[in-house]
Amino acid sequence: MDIPRIFNISESAHRIHNPFTPEKLAALGAALRMKPGDRVLDLGSGSGEMLCTWARDFGIGGIGIDMSQLFSAQAEQRARELGVADRVMFLHADAAGYVADEKVDVASCVGATWIGGGVIGAIELLSRSLRPGGIILIGEPYWRQLLPTEEVAKGCRANSVGDFLLLPQLIVTFGNLGYDVVEMVLADQDSWDRYEAAKWMTMRRWLDANPDDGFALEVRAELTAAPERYTRYGREYLGWGVFALMPQ
Ligand code: SAH
């Protein structure tokens, strides 16, 4: 069980697999006003940077679940590095349908809402692990402006314009589902650059080290296309944010 290999290559050097800088991740943690001992469940936890740094900085504990074997191993390594391995745990597993045995204070799915079949399904899934009065975190893309064509959506790696909403529409969706939006931290173009442009160096180094790998042609094609595609489309049109929700 694993995710498509291109991600395990292009994001192998990322600690945060999203358009957030360490500063934005820390700002989000502070914004949530967690207390030492609070429990966080993170579906699609990647390399565990959110749980590990929040355990270090805010004293929380929790569980992360991720389908990438590499990212899960990196998460455990990071927990040891930051001295929080006794408080956070990472499972290499499919998080679809995962419900925590004990209800948590914060239930999150940050940049992996397909685990629940989309934003609505992810919120429903997370709500089953949430204690009364707890907070759901959803990290999700949105369109920064109206899209002129379907070609632009494809350039942003979406299947169609309908994949995402404008920011106010996304906010309205949360309200319609019966949730208050109580906090948010948004990516910006500079933090997007850290996520996207860092993949280019990683792919280039991988190609230099693995010229005869059967996957090299695919990585080469991606490295050739990605910088132009990102600057033409994603950087201008795609936003991303993490939204903190509480049931009304
Ligand atoms: N939240 C993390 C990772 C976001 S990237 C961060 O912000 O850094 C999306 C993550 O979802 C990847 O780590 C990928 O391995 C994971 N993923 C994809 N499908 C999954 C599934 N069905 N179950 C669990 N994790 C999944």
Q | Per-pair calculated FRET efficiency, R0 = 30 Å: residue 3 and residue 154 via Cβ, rounded to 0.05 | A | 0.90
Q) Say each of residue 131 and residue 182 gets a label point 7 Å from the Cα, pointing the same way as Cα to Cβ; how far apart are those two points in nm? A) 1.2
**Q.** Cβ charges +1 (Lys, Arg) and -1 (Asp, Glu), total dipole of the chain, debye
**A.** 300
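Are there trypsin sites (Lys or Arg not before Pro) in segment 1-65 that DSSP marks as loop and that have at most 15 other Cβ atoms within 10 Å, and which are they?
33
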Q. Could you work out the helix-only [θ] at 222 nm for the chain, with each DSSP H run of four or more residues adding -39,500 (n - 2.57) and the total divided by the number of residues, to the nearest 500 deg cm²/dmol?
A. -12000 deg cm²/dmol
Q. Which whole-number percent is the relative contact order of the chain (Cα, under 8 Å, 6+ apart)?
A. 22
**Q.** Approximate spin-label separation residue 94-residue 77, in nm, with each point projected 7 Å along Cα-to-Cβ
**A.** 2.7
Q.
Filter 35/103; 24/103; 24/199 down to the pairs with a C-alpha to C-alpha distance above 24 Å, please.
A. 24/103
**Q.** Cα Rg, Dmax, segment 1-122, angstrom units
**A.** 13.4, 38
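All of the numbers you see were taken from the coordinates with simple rules; none came from a lab. Fair warning: this is a prediction, and the values are worked out from it, not measured in the lab. Heads up, the Cβs are rebuilt from the backbone with ideal geometry, glycines too, and the neighbour counts pull from every protein chain shown.
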